[in-house]
Every structure is written in structure tokens, then in C-alpha cells.
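Supplied in C-alpha cells, the structure appears directly below.
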Amino acid sequence: MNDTATHPLSAQDCLVAVMIAVSASDEQIRTAELVKIESAVNNLPIFGNYDADRINVVSQTVFDLFSDEDGLDALFGLIRASLPERLFETAYALACDVAAADGVLGDSELRLLEEIRYELDLDRLHAAAIERGARARHLSL
């Protein structure tokens, strides 16, 4: 965990922030997306020692940033400052899972995923593999 005096968000907070941002990007936070976020926090090893009560604090931070004209840039600045580079692909994978959770990828979600790829400087081939995995996990009959 990062020292919250130095960085307001821990690495785990950053992962949650990315998921919340994708969910909120279309201004409609769907139940399936919230369930996906909660499931990730409750089940993935990266969140093993994470205080799930922080989700509300992180959500409010994301919403506050989104209400500001330069909020998205500020969010990415916080994420780059607090999230170790080795977790950038993890952040993108979680974002893709949340975006795919409701079975609908709107333009705003697609634009934010593109922005995440750019801001985290993810290799396009790696990002495509992550996207393909998310699509495969969220198909329905």
C-alpha cells in the first residue's frame, strides 16, 4: 500500500477507480457493472487485504473528478503516480471486464478504454488480447 499522505490513492484504490470510471463513463452505472466491481474486490488476490469500505470513498473521488473539466486528466495523473507500472495491464483488464459486464459497450465506454490504453501506454497487441479475453468471459447464449 502507498502512503496516503504522499498519494491519496493506494494501488488497489487506483484499480477500483479505473473500474468505477469505466462504469460511470456512460453516466449510467448498471447493476451488472457494480456486481462485477464488487466481485473483483471480493475475489481477486490483488484485493486480498483491501478494505472494501474504501470503494465508496474512491467512487466519490472519481465522481468529483468527473464533475471537473480536467478531471479525467487528474484521475490519470493520480493513477500513474500511485499504481505500479506492472499493474497497468491489470487495471486495463479490470476496466474491460466492467465495460463488458452488462453486455453493452457504448461509445463513451469504448472511448474511455481507448484513453486508458493511451494513458497507461499499453502495447496495442497486449490490449487486444485483454479485450478478447474480456469478451470471451462475458458472452452469453
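The values are calculated or read from the model by the stated rules, or taken from the named source; none is laboratory data. Just so it is clear, the structure is predicted and the values come from calculations on it, not from any experiment. Note that we place each Cβ from the backbone using ideal geometry, even for glycine, and neighbour counts take in every protein chain shown. These accessible areas exclude ligands, DNA and RNA; they are computed on the full protein's heavy atoms, side chains included. Shrake-Rupley method; radii C 1.70, N 1.55, O 1.52, S 1.80 Å.
Which pairs have Cβ atoms under 8 Å, sit 6 or more apart or on different chains, and link a residue in segment 32-55 that is open to solvent by 80 Å² or more (accessible area, probe 1.4 Å) to one that is not in a loop (DSSP other than H, G, I, E, B)?
34/23; 38/55
Anything in segment 89-141 that is exposed (fewer than 14 other Cβ atoms within 10 Å of the Cβ), assigned to a loop (DSSP other than H, G, I, E, B) and at pLDDT below 90? List them, or say none.
Selection gives 103, 104, 139, 140, 141.
So, one more: Out of all the residues in segment 32-46, which are more than 18 Å from residue 87 (Cα to Cα) and among the aliphatic types (A, V, I, L, M)?
Within segment 32-46, 32, 34, 35 meet the criteria.
Just a yes or no: is a residue in segment 8-28 over 14 Å from the mean Cα position of the chain (by Cα), over 27 Å from residue 138 (Cα atoms) and either open to solvent by 30 Å² or more (accessible area, probe 1.4 Å) or not aromatic (Phe, Trp, Tyr) (or both)?
Yes, because at least one residue in segment 8-28 is over 14 Å from the mean Cα position of the chain (by Cα), over 27 Å from residue 138 (Cα atoms) and either open to solvent by 30 Å² or more (accessible area, probe 1.4 Å) or not aromatic (Phe, Trp, Tyr) (or both).
Could I ask something else about it? So the check is Cβ under 8 Å with 6+ separation or different chains; which pairs have a first residue in segment 110-125 that's in contact (Cβ under 8 Å) with a residue 12 or more places away in the chain and a second one that's in a loop (DSSP other than H, G, I, E, B)?
111/25; 112/25; 116/122
If you go through segment 60-73 one residue at a time, how many are over 13 Å from residue 14 (Cβ atoms) and surrounded by 14 or more Cβ atoms within 10 Å (Cβ to Cβ)?
The number of residues fulfilling the criteria is 4.
Within segment 43-70, take every residue that is over 15 Å from the mean Cα position of the chain (by Cα) and part of a helix (DSSP H, G or I) and give me the one that is modelled with the lowest pLDDT.
Among those that are over 15 Å from the mean Cα position of the chain (by Cα) and part of a helix (DSSP H, G or I), it is 64.
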